[in-house]
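S.K.: Quick one: the structure is below, questions incoming.
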Amino acid sequence: MTEDPHPRRARSLAPQSPELVARLQRSRQRSLQRRAAATEREKTITRAVGDYLAAWNAITHTQQRRDNEVERLQTQIAAVIDDAMAEIATHEDEQAAAAAVVRAQVPTDEEVADLLEIAVKRARQLLGGSRAGTSHQSRRRPPPQSAESTDLPAAATVPPGRHPSTNNAPVGNTSDPAQGRAENPAGTGTAQPSPTTCPPPQPTALNPMQQ
């Protein structure tokens with residue numbers, strides 16, 4: 001058999017004194033107390049950590065609900081502001097139109113301000129906005145076309161080689177060579193110039209052969 005390298009010591013057979021018994025009892029009590037305190041401390045820590053995490057979770061949900069509510073309210077506020085601005089702009093246009101009517105009846109902007117009980121600067125702002133709106137509308141409106149602008153002049157439609165004052169006759173001698181020969185059978189009259197060499201007559205001059 002293998003011998004035990006660490007043999008147990010045999011207990012002393014000496015009797016235990018009352019003091020020894022008391023000390024051992026106190027030691028066991030301290031150990032039990034420390035264990036109970038450690039257990040209670042662990043329970044306290046666990047409860048505190050649980051409370052902390054529960055509060056963190058509640059804060060997270062509250063912040064999310066707050067952000068959603070704020071975004072919804074901001075959207076509503078923006079819509080209310082836009083509607084109010086559009087309505088105010090409409091009423092300011094009405095004010096500008098009314099100020100323009102008053103200005104048409106009085107000679108100065110100061111009188112407009114006095115009648116409307118506003119500052120002169122404000123009156124000029126209204127009048128300036130009215131003038132700007134009127135000029136903008138006039139620029140957008142196309143100018144009416146008159147009948148004269150739509151009809152092209154006769155000279156613009158005359159084909160090349162014809163004069164507008166000769167009833168679309170060809171440019172050159174307007175007399176007929178055959179008619180000239182008939183009027184001057186003997187050839188005693190002035191010879192008719194060639195159409196290619198005769199310069200064009202003046203619009204108001206009559207042909208010598210037709211006098």
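S.K.: Please verify whether the stretch 76-96 includes one or more residues that are polar (S, T, N, Q), farther than 30 Å from LEU116 by Cβ, within 40 Å of the chain's Cα centre (by Cα) and modelled with pLDDT of 95 or more. It would help to see each step written out before you state the result.
M.R.: Keep residues of the stretch 76-96 that are polar (S, T, N, Q), which gives 76, 90, 95.
Applying the additional criterion that residues be farther than 30 Å from LEU116 by Cβ yields 76.
Going one step further and asking which of them are within 40 Å of the chain's Cα centre (by Cα), we end up with 76.
Still in the list and also modelled with pLDDT of 95 or more: 76.
Checked against the condition, which is being polar (S, T, N, Q), farther than 30 Å from LEU116 by Cβ, within 40 Å of the chain's Cα centre (by Cα) and modelled with pLDDT of 95 or more, the stretch 76-96 yields at least one hit.
S.K.: May I pose another question? Working carefully through the options ASP67, ASP109, ASP51, find the one that is at pLDDT 95 or above and either within 30 Å of GLY129 (Cα to Cα) or open to solvent by 100 Å² or more (accessible area, probe 1.4 Å) (or both).
M.R.: Working: ASP67 fails: either within 30 Å of GLY129 (Cα to Cα) or open to solvent by 100 Å² or more (accessible area, probe 1.4 Å) (or both); ASP109 fails: at pLDDT 95 or above.
Selected residue: ASP51, the only one of ASP67, ASP109, ASP51 that is at pLDDT 95 or above and either within 30 Å of GLY129 (Cα to Cα) or open to solvent by 100 Å² or more (accessible area, probe 1.4 Å) (or both).
S.K.: Same structure again: Can you pull out the residues in the stretch 84-93 that are open to solvent by 100 Å² or more (accessible area, probe 1.4 Å) and among the charged types (D, E, K, R)?
M.R.: Pass one, the stretch 84-93, residues open to solvent by 100 Å² or more (accessible area, probe 1.4 Å): 85, 87, 93.
Selection gives GLU87, ASP93.
The values are calculated or read from the model by the stated rules, or taken from the named source; none is laboratory data. Since the model is a prediction, treat every value here as computed from it, not as a measurement. As a convention, Cβ positions derive from the backbone with ideal geometry for all residues, glycine included, and neighbour counts pool all protein chains shown. Ligands, DNA and RNA are stripped out before the accessible areas are found, and what is left, the full protein with its side chains, is counted by its heavy atoms. Shrake-Rupley method; radii C 1.70, N 1.55, O 1.52, S 1.80 Å.
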